[in-house]
1. Anything in segment 75-116 that is among the small types (G, A, S) and touching a Ser or Thr at 6+ places or on another chain (Cβ under 7 Å)? List them, or say none.
2. From (1) modelled with pLDDT of 80 or more; (2) surrounded by fewer than 13 Cβ atoms within 10 Å (Cβ to Cβ), pick out the condition that doesn't hold for D423.
3. So in segment 252-265, with the set limited to residues that are out of contact with any helix residue (DSSP H, G or I) (no Cβ under 7 Å at 6 or more places or on another chain) and either modelled with pLDDT of 90 or more or not hydrophobic (A, V, I, L, M, F, W, C) (or both), which one is nearest to R71 (Cα to Cα)?
4. Of all residues in segment 84-114, how many are assigned to a helix (DSSP H, G or I) and in contact with a helix residue (DSSP H, G or I) (Cβ under 8 Å, 6 or more places away or on another chain)?
5. Among the residues of segment 188-209, is there at least one that is in a helix (DSSP H, G or I), modelled with pLDDT of 90 or more and within 30 Å of D89 (Cα to Cα)?
6. Would you please list the contacts, defined by Cβ atoms under 7 Å and residues six or more apart or on different chains, that run from a residue in segment 130-142 that is part of a helix (DSSP H, G or I) to a residue that is polar (S, T, N, Q) and surrounded by fewer than 21 Cβ atoms within 10 Å (Cβ to Cβ)?
7. List the residue pairs whose Cβ atoms are under 8 Å apart, where the first residue sits in segment 205-234 and is within 18 Å of P195 (Cα to Cα), the second is part of a loop (DSSP other than H, G, I, E, B) and β-branched (V, I, T), and the two are 6 or more positions apart or on different chains.
8. With respect to R148, is the statement that it is modelled with pLDDT of 90 or more, under 29 Å from the mean Cα position of the chain (by Cα) and among the charged types (D, E, K, R) true?
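The values are calculated or read from the model by the stated rules, or taken from the named source; none is laboratory data. Values in this document were obtained by computation on a predicted structure and should not be read as measured data. Backbone-built Cβ (ideal geometry, glycine too); neighbour counts: all protein chains shown.
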Amino acid sequence: MSEMAEISTAGAGPFSAFERMVAWRYLRSRRKEAVISVIASISFFGIMLGVATLIIVMAVMNGFRDELLTRILGINGHIILQPIDRPLDDYAEVAARIEGAEGVVYAIPLIEGQALASGRSGPGGGALVRGIRAEDLTKIKLVSDNVRFGSLVGFAAGEGVAIGMRMADNLGLVVGDPITLVTPNGDVTPFGTTPRIKSYPVTAIFEIGMSEYDASIVFMPFEEAQLYFNQEGVAQSIEVFVEDPDDVEAVQARVEEAAMRPLFSIDWRQRNQTFFSALQVERNVMFMILTLIVLVAALNIISGMIMLVKDKGHDIAILRTMGATSGSVMRIFLMTGAAIGVTGTIAGVILGVVVCLNVESIRQFLSWLSNTTLFNPELYFLSQLPAKMDSSETVMVVLMALVLSFAATLFPAWRAARLDPVDALRYE
């Protein structure tokens, strides 16, 4: 009678010591319950891998987007202004007025054109030549702070050009070597337009970290670019950098007003809409697909718990006859199933965080191990694999895994609580 009173009293409180003890005993592996133990282990590892994979993939996708955004917007203006009615011959005055507008960091007049670049190793490929004033190039920190060889002193003196590291490697160039640029927009003769071929010494070699830019962009002094592309006295465009790129629409109207002349304007969102929309769609689809891993693990919990309830029918009947309530039985199996989900989720978060913090080292190790190039910068634009964890996303993944785990235990626990002790003992 004392044991019955103890069980009855223990079962009265939520998750009492008695219920925790029984739940723990059901979780421990025993020889005759090997199948149930294997299913519980599979469920644990399934939830752990599902949570870790979701955290890692979301972090890499976020890092990929942020790195691309930083590099694309770090070298390109947030608002591009181009002339409409007449050439942009007053570019200096217009840029100065725009820089005075609220929310604008600086405005840079530019000359842009395509050319064929060649060096010591022969013809390389296409290059985007950007004519820019020396004082404006120093404002673009992504370039001026990442000069690997040489300096921008010679560029400021108009004595040469600055090129990317990958272009220098492809053309076999070092600081001081000449780079030859060929453009079809040369001198007009009675026999047609002849290509313009000119060589410039390389005064600086920079490395932005985005392979496409490091392999194709050539910065040329503004006055020299005007002569090279037959744009004497004018600028082709003005690129405006704002304080908050995400709030570019609010600044755009003030920029157009400060220009005090008709200009066609387009912001970075419009120029890169397709690219970043594709990244967002890919991110959402990956999240939905990887969520299925956690869902499958939750279904394993259901199957394992149903088998456990079926195997423990005799024990449940004895507990009920000794005074345990149906609520106490239900809580025992809820704790048993939830323990798998909670421990699997915690282990998954730890694994995901560790991988995210060392993702680049892991990539290099796997590349060395497989003797292949993983995350080729020529295909993925970036030279390193980025990872940026978002706290809100991590919390959402954890909550989703916990909810699925708890939901998976409800039906088996309900079946255990509904078990008739008389029938269980009769068929035992």
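1. First, the residues of segment 75-116 that are among the small types (G, A, S): 77, 92, 95-96, 100-101, 103, 107, 113, 115.
Once the filter is applied, which keeps residues that are among the small types (G, A, S) and touching a Ser or Thr at 6+ places or on another chain (Cβ under 7 Å), segment 75-116 yields G113, A115.
2. (1)
3. Among those residues, the one meeting the criterion is Q252.
4. Looking only at that region, the number is 3.
5. No.
6. Hits for this filter: L137/S144; T138/S144.
7. Filtered contacts from segment 205-234: Q226/V234.
8. Considered against the rule, which asks whether it is modelled with pLDDT of 90 or more, under 29 Å from the mean Cα position of the chain (by Cα) and among the charged types (D, E, K, R), R148 comes out as yes.
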